[in-house]
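To start, the structure under review is shown below, and the notes come after it.
All of the numbers you see were taken from the coordinates with simple rules; none came from a lab. Note that this is a predicted model, so its numbers are computed, not measured. Every residue, glycine as well, gets a Cβ built from its backbone with ideal geometry; the counts of neighbours run over all protein chains shown.
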There are 2 protein chains.
Amino acid sequence: MNTANNSTLNVGVFGLGSMGFGMAKSALAAGFTVYGFDPNQDAVQRFVGLEGKHASLDDIAAELDVVVVVVVNAAQTESVLAGNNGIVDRMKPGSTIVACATVPPEFAKQMEALCEARGIHYLDAPISGGSVKAASGQLTIMASGTPQAFDCARPVLDALAEKVFELGNAAGPGSAMKVVNQLLAGVHIAAAAEALTFGISQGIEASDCVDVISQCAGTSWMFENRGPHIAQGDYTPHSSVEIFVKDLGIVSDIARQSRFAAPIAATALQQFIAASGMGLGGEDDSAVAKVYAAQANLTLPEGDDK
Amino acid sequence: MNTANNSTLNVGVFGLGSMGFGMAKSALAAGFTVYGFDPNQDAVQRFVGLEGKHASLDDIAAELDVVVVVVVNAAQTESVLAGNNGIVDRMKPGSTIVACATVPPEFAKQMEALCEARGIHYLDAPISGGSVKAASGQLTIMASGTPQAFDCARPVLDALAEKVFELGNAAGPGSAMKVVNQLLAGVHIAAAAEALTFGISQGIEASDCVDVISQCAGTSWMFENRGPHIAQGDYTPHSSVEIFVKDLGIVSDIARQSRFAAPIAATALQQFIAASGMGLGGEDDSAVAKVYAAQANLTLPEGDDK
């Protein structure tokens, strides 16, 4: 990658959580001048310690060329863009918002209209790949937006992603594709938990199950990624149970409005709701296995530290 | 592979369907003398045309060293082994049955006992990988059985499989692992159908969905394998809807007996039952997408020949 010219581009990253922090690091590594923003000042200070920048929005908003918004949901996205201290009114015309949260497609269209009314480009750009790929600039981005939005965001997209899918010339299709991905991701995590605990009920060790099924037709990206968390009893949150209460909730809301019956997604959602109801909302999403274990009186593998 | 000594081993293959025919071919390619058996005489004649052999059971059963049983279910397995024309009573002591159908672990234990009472070894050896890998000798086999059963079956297993998992020294664990795999496989096929049709309801072309999701965290082996069937409108049966009515039925039966609540598998089973109820039982299992399409008044992609 030619990073020589990137230093002239000012990039803002809003949200320095597990995904956003890695993406801000990837942008730094590509040579951009990167400003990080997060309500958590510890995260901001960690980023500044890596040669990242921070400034008050009043001072810097008008200087930002591309703003990447990597927050949890639609409400936080709207707050960053158009809240009391919102950035859109302060950004310069022709600058670009890259919105990465998983949101309903209709919300993405509303945000695009709000930005365009102020001369700001909006790229509907949800991400997939997890925190490790975020930090190595190897995400997959499912993007849609105007050609101008793509043109302005391009150098930043190239720094963050291994693969950028261009799904249409307006906001909406990017978020729709991400919602379809989250339907599958959520179902596959819950199915992995169901299968591993069912295996335990039949006398199969979870670690054997992970080893064998990973090489069989029953495998999935999520089975291979989350299965070891269950087999090792490690529920350190990489992505939490609450994320799938939210994302499968978005799937269910959209499906209901569209009169589309999605019984498997609806069932998986109930399992994540049950996990949250058990007090596990902040644990890794693989903790949905504890719902199955509780309902079958099974003992899950324990981690080394227990 | 050293095939020089394999020609002295007589192998019988019972069941020349999409999996068994390919496995019989793989055994031929490894140099064994292979006898094929199937109620469908066309399949037998096709096999004989490939240098395979066929003979009456009365003439050949006592000469077979290893018998591979690749039929649809437990009832057919029992019929081959112990029915009116059953082989176990005619095989020589020390010969070995390799049983590949997906069956309940308890059934596998019963068949092992039946064989052992007659001095025949029994390997509980369900398979995964599909018809293409069956024909290329690259299956995954989930096996359990006595060391003697493994020893006798070893040259044949090596010819059929890329990977043989040894899961225990008696029948049962092999079938249990296969049932866990089928839980995931069935859920993933139905989830792929749910996701692709949900995407269509949101304006996403199924082929775009297959291309994008295959590179995202929502992917699965089944999504990548069956998704293109739906995107191309090709429901030529590689594995039929009825197979998953059966296999998720086995999962549900075992789970209920074990007092294990498996709500996602139970929901996926209902979708395959609905597909069969619509008259699609003989179509490819990806035809479960037609249940979703019918319930949402959607049009699925059509194949080239329609």
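Odds and ends about this structure:
- Most positive-pole-ward Cα, A:Met177, A:Ser207, A:Gly227, against dipole of the range A:176-296 from beta carbon charges: A:Met177
- When the helices of chain B are scored as -39500 (n - 2.57) per DSSP H run of n ≥ 4 and the total is divided over every residue, the value at 222 nm lands at -15500 deg cm²/dmol.
- Each copy carries a label point for B:Ser7 at 7 Å from Cα toward Cβ; from one copy, the others' points are 7.4 nm away, ordered from shortest.
- Summing charges over neighbours of B:Ala113, with a neighbour being any other residue whose Cβ is under 14 Å away from its Cβ, gives -3 when K and R count +1 and D and E count -1.
- Highest GNM mean-square fluctuation among B:Ile250, B:Ile60, B:Ile230, for chain B modelled with Cα contacts below 10 Å: B:Ile60.
- Inter-copy label distances at B:Lys163, shortest first and taken from points set 7 Å along Cα to Cβ: 2.1 nm.
- Of the DSSP H helices in chain A, those that are both long (alpha-carbon extent of 15 Å or more along the helix axis) and hydrophobic (Kyte-Doolittle mean at least 0.5) are A:18-29, A:173-201, A:241-257, A:263-275.
- Inter-label distance, A:Asn84 to B:Ser131: 6.6 nm, where each label sits 7 Å from its Cα along the C-beta direction.
- Neighbour count of at most 12 Cβ within 10 Å plus DSSP loop: longest GluC sites (Glu not before Pro)-free window in chain A: A:52-301
- Computed magnitude of the charge dipole of the range A:6-171 (debye, nearest 20; Cβ of K, R +1, Cβ of D, E -1): 260
- Residues considered: A:Cys152, A:Cys216, A:Cys100. Largest GNM mean-square fluctuation over chain A, using C-alpha springs under 10 Å, is found at A:Cys216.
- In a reduced charge model with +1 at each Lys and Arg Cβ and -1 at each Asp and Glu Cβ, chain B shows a dipole moment near 540 debye about its Cα centre.
- A straight line joining the Cα centroids of the range A:117-141 and the range A:240-277 runs 23 Å.
- Cα gyration tensor category, rounded, prolate or oblate, for the range B:6-170 with a/c compared to 1.5: rounded
- For the range A:1-95, the C-alpha radius of gyration sits at 1.02 times the compact-globule guess of 2.2 N^0.38 Å, with N the residue count.
- A:Val48-A:Asn297 pseudo-label distance in nm [points 7 Å out on the Cα-to-Cβ vector]: 5.7
- Relative pair counts by distance (%), Cα atoms of the protein assembly as shown, 20 Å bins: 20, 45, 27, 8, 1
- A viscosity of 1.567 mPa s and a temperature of 4 °C, combined with the Kirkwood radius over Cα pairs in Stokes-Einstein, give a translational diffusion coefficient for chain B of 64 µm²/s.
- Viscosity 0.890 mPa s, 25 °C: Kirkwood-radius Stokes-Einstein D of the range B:42-87 over Cα pairs, µm²/s: 205
- At 7 Å out from Cα toward Cβ: B:Gly233 inter-copy label distances (nm, ascending): 5.5
- For B:Gly168, the amide hydrogen comes within under 5 Å of the amide hydrogens of B:Gly145, counting only partners 5 or more places away or on other chains and with H modelled in the peptide plane.
- Solvent-free Debye calculation, one equal scatterer per alpha-carbon of the range A:17-71: log10 I(q)/I(0) at 0.21 Å⁻¹ equals -0.76.
- Minimum Cβ-to-axis distance in chain A for the rotation onto chain B, with residue, whole Å: A:Ser220, 2
- Under a model in which nothing but the beta-carbon of Lys, Arg (+1) and Asp, Glu (-1) is charged, the range A:139-208 shows a dipole of about 260 debye around its Cα centre.
- Between A:Val44, A:Val98, A:Val241, the residue with the greatest mean-square fluctuation in the GNM of chain A (Cα pairs under 10 Å linked by springs) is A:Val44.
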